[in-house]
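Structure first, then comments.
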Amino acid sequence: GGTIYAEGKENPNETNEMNPYGAAGIGGGYFGGNTTINISGGDITAAGAAKSPCVGCSNYARITISGGTIRAVSNPLSREIGSYMPNCDLMTSTKSGNSIIYVSGPNKISSWYESSWNGVVWEGAAGKVCGSVDLTGKDFTIAAGETLTVPGSTEGENPTPALIISQANFHNNGTITGTGMVRMDGKDYRIENNTLVPLGEVVPPEGVTV
């Protein structure tokens, strides 16, 4: 737990303004490699300097985030979570991951996250649930102008919930969409027209009274 702000600084000896480099907020610097990072909780804000990520290193960053809220400060010169060099990192989480991650926009986080992550990743105003995420008891808000996509399926005998939330802690001021199942306070829902609809309940077409 706890709140952490980590900021990487630029190299004071660097004189090439066209090719600056510095340190990651959490991890290695621009020339650093083979960095292993494990984050299991807390409220973390990280900023990287110049061509270094907020969380990661120049190449071959092994990053495991299994919990907590991680906010990467916008960095126009680098990925914000992962390796500066494309395809040089491996990002994973535990099967019970419950992390919420914020980066400034598309292509600012390792491309591995969609297939290996259990968490919610926000790329600017676009959020996506990855894997199966348990946010029971954790505050979770979709802000105005934001859209959260919940992949998956509600079909089959025992579909797996993509997102588990508590009604008291969930606030949708934006848009929730997708084909995945949401479990809220032990009850299962599908998503329809920005609304959570209990599985098995039929919603009549607009203008039709039943």
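With θ taken as phi - 60° and the Karplus curve 6.51 cos²θ - 1.76 cosθ + 1.60 applied, the whole-hertz 3J(HN,Hα) list for the stretch 175-183 is 9, 10, 9, x, 9, x, 9, 10, 10 Hz, x standing for glycine and proline. The Stokes-Einstein estimate for the stretch 122-210, based on a Kirkwood radius over Cα pairs and taken at 37 °C with 0.692 mPa s viscosity, is a diffusion coefficient of 242 µm²/s. The solvent-accessible area of Thr179, taken with every protein chain present and a 1.4 Å probe, is close to 90 Å².
Across the stretch 114-154 the C-alpha pair distances fall into 10 Å bins from zero in the proportions 27, 56, 17 percent. Close amide H pairs (under 5 Å, H built 1.01 Å from N) link Lys138 with Ser166, residues at least 5 positions away or on another chain.
The values are calculated or read from the model by the stated rules, or taken from the named source; none is laboratory data. Computed from a predicted model, the values in this text were never measured in an experiment. In case anyone asks, the SASA skips ligands and DNA or RNA and just uses the protein heavy atoms, side chains included. Shrake-Rupley method; radii C 1.70, N 1.55, O 1.52, S 1.80 Å.
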